[in-house]
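One structure is given below, encoded as structure tokens.
The values are calculated or read from the model by the stated rules, or taken from the named source; none is laboratory data. Model, not experiment: these values are computed from the prediction. Please note: Cβ atoms are built from the backbone with ideal geometry, for glycine as well, and neighbour counts cover all protein chains shown.
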Amino acid sequence: MKKTLLVAAATLAVGSFASQAQVYSQNIVGYYNVSLTGNQFALLSGQLLNSDGSNSVNNVLGSGLTSQSALALFWDPSSSTFTTYTYYNAADASPSPGGFYDINGNLSTNLFAPGKGAFIQDPNNTTITVVGTVPQGGSTNTVGVGFNIYSINAPISTNIDSGLVNFPATSQQDQLLLWTGSSYNPYTYYNDADAGGPGLGGWYDINGNLAPYPTVGSAFFIEHFGSTATWTNSFSF
Amino acid sequence: MKKTIAIAVAAFAVIGSSFAQGYVAFSSSKSAIWDDFTSPGVGVVAPVNTYETFLWTTSSSLTTPWSTATATNATSSSATWSQITTAIGNGWNVATNNTSGNEVVGTDIASGVTKGAISYNGAVSFPLFASPSSGNIYAVVVAWSTNSGSVLPFSGPLGVSSIVTYAVGASSSSPVGTFSGGGFTPIGVAPTPEPATIALAGLGVSALVAFRRRSSK
């Protein structure tokens, strides 16, 4: 799965200007591409804010996908099951709008947004492009107990336990599952103290190897233990 | 015949209970099942009047007794119930939900964008009894009229698919696709003249001829 981050330079616009404080806020608009291998699931995230502000999966995805065959699987943590949505383009869904529909014909209300993710599959090799504004500033997500799909809140590749990402994991319990394309590689979180000292904390596999960084546009499963936590972080570019 | 099949399925269930199961979502995209039995040859997307199950195997070389899928506008099915029985005897397994222990029986969706899609368990994956926990299985969809019964009826209108290649999941948290992604294409459910039916029809014609001859004397 080849991902390319082509954010930054596409368009740069000054979003707001506060003359008194001399503070500038820049909206960085761009895109990244994700290449899908035919008939192979990819665990992806929409790490940009789309133009209409909804980040509905129906607005973020569609271009490049095969109507009546492409799938989006969203995890339901309450039932611990996936809900499967099939993509129908406007012609195949007419008179209903194009988008992702569940088996009963309900249009998906799921978000394909920063911090979230879903499995995406197409029967053909294809490239999907996620377009939008790079999220900046603070964000807050809830991390419930049990399995759920998460992603880094911005289109960057870094370690999940970094201060920047700040995921509220429970040491020696929380499990990170990174999707390989056909199965999961599991990692357990150890904080600095449990890992042996300052700077050593992180997600380790059973052999003591640190987890690789999630790539841009990818999502991951985490099984969280303990109690519901609040995940806060802040990005600025 | 039904008793024989039931015993075979039960025996298979006992044998299979010691193996791990793979997860399967038995569903499809829209317009998957067509009703050809209400008006043979004039197919319409099935209006919630069919049931569907599937037969499966792990062997990529196992063939089916029928050579083609049932067309969406067929005047008669491309397979017979006798061939379904033969397929089961030759190693095709009747799909069974390992959680419920019941035969997997889906329905077609009534209306909306997904009208005519196959739906079982809300398209949520389930453990397929005695299946492998990884790799591919090979499946054929079998569909019939709801008038014939809610499990494989072995009589009445019938529709069959070509062989679908399906990648099973290792657990409920494994992503799995639909049958459409595995190559399933829409099929019809059409009348099936079984040998017994043909024989009965022949008897009826003979009786009618005899009655007319007697009446004309």
*Checking A:Leu44 against (1) hydrophobic (A, V, I, L, M, F, W, C); (2) more than 26 Å from B:Phe126 (Cβ to Cβ); (3) away from every other protein chain (no Cβ under 11 Å); (4) surrounded by 18 or more Cβ atoms within 10 Å (Cβ to Cβ), which test does it fail?*
(2)
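Out of all the residues in the stretch B:100-119, is one or more out of contact with any Cys (no Cβ under 7 Å at 6 or more places or on another chain), more than 14 Å from every other protein chain (Cβ to nearest Cβ) and assigned to a strand (DSSP E or B)?
So in the stretch B:100-119, the residues out of contact with any Cys (no Cβ under 7 Å at 6 or more places or on another chain) come out as B:100-119.
The next check asks that each one be more than 14 Å from every other protein chain (Cβ to nearest Cβ); those that pass are B:100-105.
Applying the additional criterion that residues be assigned to a strand (DSSP E or B) yields B:103.
The answer is yes; a qualifying residue exists.
Give the residues of the stretch A:196-217 that are free of Cβ contacts under 8 Å to residues at least 60 places away in the same chain, under 30 Å from A:Leu49 (Cβ atoms) and either exposed (fewer than 14 other Cβ atoms within 10 Å of the Cβ) or among the hydroxyl-bearing types (Ser, Thr, Tyr) (or both), sorted by residue number. Spell out how you get there, then give the answer.
Residues of the stretch A:196-217 free of Cβ contacts under 8 Å to residues at least 60 places away in the same chain: A:196-213.
From what is left, the residues that are under 30 Å from A:Leu49 (Cβ atoms) are A:202-203, A:211-213.
A:Pro212, A:Tyr213 - these are the residues of the stretch A:196-217 that are free of Cβ contacts under 8 Å to residues at least 60 places away in the same chain, under 30 Å from A:Leu49 (Cβ atoms) and either exposed (fewer than 14 other Cβ atoms within 10 Å of the Cβ) or among the hydroxyl-bearing types (Ser, Thr, Tyr) (or both).
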*Could you figure out which of (1) within 30 Å of A:Gly64 (Cα to Cα); (2) loosely packed, with under 14 Cβ neighbours inside 10 Å; (3) touching a strand residue (DSSP E or B) at 6+ places or on another chain (Cβ under 8 Å) isn't true of A:Gly137?*
(1)
*Of all residues in the stretch B:65-98 being in contact with a Leu (Cβ under 8 Å, 6 or more places away or on another chain) and hydroxyl-bearing (Ser, Thr, Tyr), which is nearest to B:Gly112 (Cα to Cα)?*
B:Thr70
*Going by the structure shown, is B:Gly156 of a type in the set (Gly, Ala, Ser), under 13 Å from the mean Cα position of the chain (by Cα) and at pLDDT 95 or above?*
yes
*Could you look through the stretch B:84-99, keep only residues that are touching a Pro at 6+ places or on another chain (Cβ under 7 Å) and assigned to a loop (DSSP other than H, G, I, E, B), and pick out the one that is nearest to the other protein chains (Cβ to nearest Cβ)?*
B:Thr99
*Just name the residue that is surrounded by the fewest Cβ atoms within 10 Å (Cβ to Cβ) out of those in the stretch A:80-101 that are within 7 Å of another protein chain (Cβ to nearest Cβ) and not in a helix (DSSP H, G or I).*
A:Ser80
*Here is a list of conditions, (1) modelled with pLDDT of 95 or more; (2) closer than 19 Å to A:Asn124 by Cα, and A:Gly64 meets all of them except one; can you say which number that is?*
(1)
*Considering only residues that are of a type in the set (A, V, I, L, M, F, W, C) and closer than 19 Å to A:Ala211 by Cα, look in the stretch A:142-153 and name the one that is farthest from the chain's Cα centre (by Cα).*
A:Phe147
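Just need a number here: residues in the stretch B:33-65 that are closer than 14 Å to B:Asn90 by Cβ and exposed (fewer than 14 other Cβ atoms within 10 Å of the Cβ).
Within the stretch B:33-65, the first condition is being closer than 14 Å to B:Asn90 by Cβ, and the residues that meet it are B:55-59, B:61-65.
Filter again for exposed (fewer than 14 other Cβ atoms within 10 Å of the Cβ), leaving B:59, B:61, B:63.
Number of matching residues: 3.
Across the stretch B:158-178, what is the number of residues that are hydroxyl-bearing (Ser, Thr, Tyr), in a loop (DSSP other than H, G, I, E, B) and surrounded by fewer than 24 Cβ atoms within 10 Å (Cβ to Cβ)?
In the first step, residues of the stretch B:158-178 are kept if they are hydroxyl-bearing (Ser, Thr, Tyr); the result is B:161-162, B:165-166, B:171-174, B:178.
With in a loop (DSSP other than H, G, I, E, B) added as a condition, the list becomes B:161-162, B:171-174, B:178.
Within this subset, residues satisfying the condition of being surrounded by fewer than 24 Cβ atoms within 10 Å (Cβ to Cβ) are B:162, B:171-174.
Number of matching residues: 5.
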*Considering only strands (runs of 3 or more DSSP E) fully contained in the stretch A:106-191, which possess at least 1 residues that are in contact (Cβ under 8 Å) with a residue 60 or more places away in the chain?*
A:118-121, A:126-133, A:137-143, A:146-150, A:175-179
*Does A:Gly105 satisfy the criteria of being facing chain B (nearest Cβ under 10 Å), at positive phi and at pLDDT 95 or above?*
yes
